[in-house]
Amino acid sequence: MYRSPLLHTAGAVEATDPDAGVAAHYGDPLREQRRLADGAGLVDLSHRSVVRVSGPDRLTWLHQLTSQHLEQLAAGEATAALILDAHGRVEHALYGVDDGTAIWFHVEPGRAADLVAYLERMKFWSQVEISDVTGDVAVVWEPRTEPATHLSRVTERGRDVFVPRAELSAYAGDAGSLAGVWAYEALRIEAHEARHGLDTDDRTIPHEVGWIGSAVHLDKGCYRGQETVARVHTLGRPPRRLVMLHLDGSVDHLPAHGDEVVADGRTVGHVGSAARHHELGPIGLAVIKRNVPVDVELVAGGVAATQEVVVDPEAGLHIRPQLR
């Protein structure tokens, strides 16, 4: 069982699955969250798995296997990609950056072995090398939008930094204040970013959780699962949709992952993530049936909630007039 060296920091309280091994908080999660929102601090994500793909064919090869357009990915450019099954359901969510000689991905904790096994089966004659480097490289997140001294995946929300594990404590010390994953998760939920395996299940297709555009490129060649992506995008109306829940703040607990979401007495979905936000109060993400009215009140794990639309119930229909 992995345990981060940063758990030795004063005040650190370890998180539970799926984030066991790193700190949930360091004594004051709301204050930690406010610091992150102000652009300061560091979040230990060193429990996440890291996979490295090198070789001259890496980008064209990954372009053929994933949902993302990677053939011309520039060194230092952040990317996100999905590996789908034959029915278009999400099997892996990858967050990466290329350093000019290799592309580095971080994925959910414990997912590297399955990902590497799949990629190895798909190598054939391609000149690529695939390595699970989780034991050597850790990931941290900082709310900064400039490159770090180490390889970093920079997005408009912050940067994922790939740090040699031997340097993790020193890097975190130089970064200043620490924040736990509770703070990080609250900001992720606020940003409507679904997390694979937490806000998704084994039936999830990309349209349902808002991954079209961010992790799925709609103008590229064939890849496994593309038929479903194209069909749902063309016809619209994915079976389910992601919503953000604004939860009743008078209740002393949050709904748990997997709790039922109920509308008018019937189960219409399940809770994925929930957190306490420093400004919004208790919030969460849930995937519910597409046809649930957008203004209906919900009950999530016994907690009353209003919904904020993340995925439009009619997603994809905007292209219908072009086809007539």
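The values are calculated or read from the model by the stated rules, or taken from the named source; none is laboratory data. Since the structure is predicted, the reported quantities are computational estimates derived from the model, not experimental observations. Ideal geometry is used to build each Cβ from the backbone, glycine not excepted, and the neighbour counts take in all protein chains shown. The accessibility values were calculated without ligands, DNA or RNA, using every heavy atom of the protein model including side chains. Shrake-Rupley method; radii C 1.70, N 1.55, O 1.52, S 1.80 Å.
Quick one: would you say GLU193 is closer than 23 Å to VAL216 by Cα, part of a loop (DSSP other than H, G, I, E, B) and either assigned by the TED database to the domain that holds GLU77 or not small (Gly, Ala, Ser) (or both)? Lay out the reasoning, then the answer.
Working: closer than 23 Å to VAL216 by Cα: yes; part of a loop (DSSP other than H, G, I, E, B): yes; either assigned by the TED database to the domain that holds GLU77 or not small (Gly, Ala, Ser) (or both): yes.
Yes: the conditions hold for GLU193.
Among the residues of segment 230-260, count how many are buried (at least 21 other Cβ atoms within 10 Å of the Cβ) and either modelled with pLDDT under 95 or among the hydroxyl-bearing types (Ser, Thr, Tyr) (or both).
1
For ILE130, which of the numbered conditions (1) open to solvent by 40 Å² or more (accessible area, probe 1.4 Å); (2) in contact (Cβ under 8 Å) with a residue 60 or more places away in the chain fails to hold?
Of (1) open to solvent by 40 Å² or more (accessible area, probe 1.4 Å); (2) in contact (Cβ under 8 Å) with a residue 60 or more places away in the chain, only one is false for ILE130: (1).
For segment 269-283, which positions are open to solvent by 50 Å² or more (accessible area, probe 1.4 Å), under 16 Å from ASP248 (Cβ atoms) and not basic (Lys, Arg)?
LEU280
For TRP61, work out the one condition from (1) in a helix (DSSP H, G or I); (2) free of Cβ contacts under 8 Å to residues at least 24 places away in the same chain it doesn't fulfil.
(2)
Please count how many residues of segment 154-179 are assigned to a helix (DSSP H, G or I) and either among the charged types (D, E, K, R) or at pLDDT below 95 (or both). Don't jump to the end; show me each part of the working.
Filtering segment 154-179 for residues assigned to a helix (DSSP H, G or I) gives 165-175.
Next cut, either among the charged types (D, E, K, R) or at pLDDT below 95 (or both) only: 165, 167, 173-175.
Here the count works out to 5.
If you take just the strands (runs of 3 or more DSSP E) that sit entirely in segment 88-145, which of them hold at least 3 residues that are basic (Lys, Arg)?
Working: elements: 90-98, 102-107, 129-132, 137-142.
In segment 88-145, there are no strands (runs of 3 or more DSSP E) which contain 3 or more residues that are basic (Lys, Arg).
Search segment 297-324 for residues being open to solvent by 80 Å² or more (accessible area, probe 1.4 Å) and at pLDDT below 75, and hand back the single one that is farthest from ILE283 (Cα to Cα). Step through it out loud before you land on a result.
Taking segment 297-324 as the starting set, the residues that turn out to be open to solvent by 80 Å² or more (accessible area, probe 1.4 Å) are 297, 312, 318, 320-324.
Next, from what is left, pick out any that are at pLDDT below 75: 318, 320-324.
Working: HIS318: 29, ARG320: 34, PRO321: 36, GLN322: 38, LEU323: 39, ARG324: 41 Å.
Filtering first and then ranking leaves ARG324.
Which one of these is at pLDDT 95 or above and surrounded by fewer than 20 Cβ atoms within 10 Å (Cβ to Cβ): HIS196, HIS207, HIS217?
Values: HIS196 fails: surrounded by fewer than 20 Cβ atoms within 10 Å (Cβ to Cβ); HIS207 fails: surrounded by fewer than 20 Cβ atoms within 10 Å (Cβ to Cβ).
So the residue among HIS196, HIS207, HIS217 that is at pLDDT 95 or above and surrounded by fewer than 20 Cβ atoms within 10 Å (Cβ to Cβ) is HIS217.
How many residues, within segment 13-27, are assigned to a loop (DSSP other than H, G, I, E, B) and within 26 Å of ASP199 (Cβ to Cβ)?
Our first condition is that a residue be assigned to a loop (DSSP other than H, G, I, E, B); within segment 13-27, this holds for 15-22, 26-27.
Still in the running and within 26 Å of ASP199 (Cβ to Cβ): 15-22, 26.
Total satisfying the criteria: 9.
Per-residue answers, yes or no, for (1) open to solvent by less than 40 Å² (accessible area, probe 1.4 Å); (2) assigned by the TED database to the domain that holds ALA179:
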residue	(1), (2)
GLY88	yes, no
GLU142	yes, yes
THR145	no, yes
ASP160	yes, yes
PRO164	no, yes
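What residue, among those in segment 37-56 that are open to solvent by less than 10 Å² (accessible area, probe 1.4 Å) and of a type in the set (Ser, Thr, Tyr), is farthest from VAL107 (Cα to Cα)?
The qualifying residue farthest from VAL107 (Cα to Cα) is SER46.
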